[in-house]
Every structure is written in C-alpha cells, then in structure tokens.
Amino acid sequence: RIPSRVFFFQAEDGIRDFCLSRGLGDVYKRQEYIRLHFGDFKPWVSWQLDPFGSSSGNRILDSDSGLYGLWTSRLHDDEKALRKNEKELMLVWNPRSTDGKRRMIQTNIFYELYVAPDGLCLDNTGDYCHDPEINESNVEDRVQSISGKLTTFEKAYPTNEIFLPIGNDFGFRNASKNYKSLDFYTKHVNSKEPKGMAHHHVIYSLPTIYLRRAAKMNLLQGSLPLKEKNDDFLPYASPSYEYWTGFYSSRPVLKGHIREMGRALTSYNKLTLAALINSNEQALTIFERGHSALRSFEITLAKLQHHDAITGTSTLHTCLLYTSDAADDLLCVDLGGRRIIKKKN
C-alpha cells in the first residue's frame, strides 16, 4: 500500500495580541500594504477558518483577487457529515454569477475544526490543549492512537494526501515545546511502519505547496475530478439544530452602533489630517485633549470587530455590555465633535 501523506499546517497560532482598530477598512489597507511593500504579489490562498458559514459571493471576490485555493472548517453539521461519507471534503467551488464566468477555487475543508486534533494539541499551557508531550517513553502508544485518527480522516477525502492543522485557540504559545514533540512524532512515524497500522508519511508543509501537488495530480479536471459546488455554505448550524446565522438581522442596535463608530472614527481621522495639513493649531489642541477618549473609542471598536460580536452570535448579556460600551463612546465622540465644529464656526 502506498503510504498516505500527511501535511501539517500551522492553522492557528494561539496568540491573541491586542490591536487598536483603525476603522472598518483595515482589510483594504492591508492589501494596499502588500502591494506597496511586495510589489505585484498576490496571495494564492484564502484562510477562512472560523466564520459562521461562508457565501459564494465572497468566493467571487476571492477569485477576482487572484486567489484559487480556500481552506475552511465551518459548514452545517449535516452537510459536513454527508461530505465525509461521500469523500467530498475537498471540492471545487464555482460560485454562480451574473457574468457567467467560471471561477474554479479548490476548497479544502478540515475534517474537524481549524485546530490540532486530539493527541497533537501539545502546548498544554491554556484551557484548550492538554495533550502531554511526545517522547521516547510514550511514542509508540501515541503514534498508534494518532494513526487511527488519520486513517479515519483519509476516508473523507478523494486522495490519500490529507492536510492536518496544528495549533489551537490560546494553545500555541510555546512553539519550541510543540515542535519538539511534533519532530519526535514525525521522525518516528516516517522511520518505520507501525505494526498492524496503516502507514503514513508526515511532513511539514504550506497550503501553496499542497495546492501545487493537487495541480500535479490534476484534481480539477483529470482522472480524479473534484465535485463542484455553486451555492453558499449557509446557513451554518452546529449541532444540526443550533443555527449560528442572522448576520444581517440579529442584534440590530449593536450593529448600528458599530457602523456609526466606524464612520465617526473615519471622520475624526480626516479632520485630524486636515488640521495637520492646514497647520490649524487650535483644532490640533482640541484633538490632543480628546486623545484619551479616542483611545477608549478605538479599544471598544476593536472589541466589537471580533467575529462573535459583529456577527451577533454573542450571548445576550455580552451583547448588552458591548452595546452599552458602544453607546457611551459614541456619546463622547459626538459631544467632542460638536465642540470642534462650534469652535471652528
């Protein structure tokens, strides 16, 4: 039997660094940063690991931006179970569009979530990872346990080359500790075929390398064509009857505040820039006095752009707290802005 090839991807770094918000246009600013600093470079792969569903409209934007590979993990539990049974966790997403253009995006769905499977969550420093390190004394047992899981994963994909995430939410803080165990595991698995177990060949890899291998195997149009998808991965439910959707209808007051805050912050930045360009000392003095209030505003807006806040899936008491903070900061900025306008007049 040809050994199955297992590709380790670091899908989650476990770090949650605080970052002040600069408004709702940060994605576009980052694209401009890439263009300016790396030339005409375009990413090939889109990581969309933890959204609560995924729309075909986004795939049209991905394709038109030059992306041709997608990794994701969350889709309706019933659909995911069906795809596992039909070996369809790897597919071609060709979203419907009015222009009639075919957009072929190879879409790869993690068997579980975007985090390391049980047995390979090796940080053991947070609330999510509790697997002990892999060493000489336990490597045989750990290899057998993990190999059994990999054999299960294989059955959900049309090839014997599977991708496996490493890392976890708040659980990849010690890279040395993780890679020491992973190196030990990889070396042991690749050195011999465990008795009574399917053999796997394990390597560290990147999504782009995996996509190149898929192209070599001619997965899209060759002897092993992938099934095609045209619609959305919506609605999202996990478990089957617990729906996580309502992006545009749930928590309307909170979402209204988020839009107002985004507009207010953009306006503030434009007024500051105008004051600098025109050397308006009086306006700059007012802006400096409001700096502490602005920092609070940026912190609140940053929190509200977490996906559990801005999509409206947070619990009610959390939503009420978010809404209260947003209303307080909007009031401060509104009063400050009126003072600026009054002095200018």
_Kirkwood hydrodynamic radius over Cα pairs of segment 69-114, then Stokes diffusion coefficient at 37 °C and 0.692 mPa s, in µm²/s_ = 285
*asked:* Could you derive backbone 3J(HN,Hα) for segment 251-261 from the dihedral phi with the Karplus parameters 6.51, -1.76 and 1.60 (θ = phi - 60°), listing whole Hz in sequence and x where the residue is Gly or Pro?
replied: 6, x, 5, 4, 5, x, 4, 4, 5, 4, 5
*asked:* Checking the table 80/101; 84/229; 87/227; 149/227 against a 18 Å threshold on Cα-Cα, which pairs fail?
replied: 80/101; 149/227
_Gain upon complete extension [residue 191, residue 86; 0.36 nm per residue less C-alpha separation]_ = 34.6 nm
*Residues with beta-carbon under 12 Å from that of residue 183, excluding residue 183: net charge, scoring Lys, Arg +1 and Asp, Glu -1?*
+2
_Positive-end extreme of charge dipole, segment 101-177 - chosen from 129, 156, 167 (charges on Cβ)_ = 156
*Cβ under 10 Å from residue 156's Cβ, residue 156 left aside: what net charge do those residues give with Lys, Arg +1 and Asp, Glu -1?*
+2
*Starting from the Cα-Cα distance between residue 199 and residue 44, subtract it from 0.36 nm times their residue separation and give me the gain in nm to one decimal.*
52.7 nm
*Contour minus end-to-end for residue 112 and residue 65, with contour as 0.36 nm per residue of separation and end-to-end as the Cα-Cα distance?*
14.1 nm
*Over 18 Å, how big is the tail of the calculated P(r) for segment 40-109, in percent of all Cα pairs?*
39
_Suppose each label sits 7 Å from its Cα in the direction of the beta carbon; what would the residue 141-residue 228 distance come out to in nanometres?_
5.1
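Counting Lys +1, Arg +1, Asp -1, Glu -1, what net charge surrounds residue 320 among other residues with beta carbon under 13 Å of its beta carbon?
Values: positive: 251; negative: 325, 328.
Charge balance near residue 320 sits at -1.
Only the coordinates and a few stated rules stand behind these numbers; no lab work does. Worth saying up front: this structure is predicted, and the values here are computed from it rather than measured. Because the Cβ atoms are built from the backbone with ideal geometry, glycine has one as well, and the counts that use them run over all protein chains shown.
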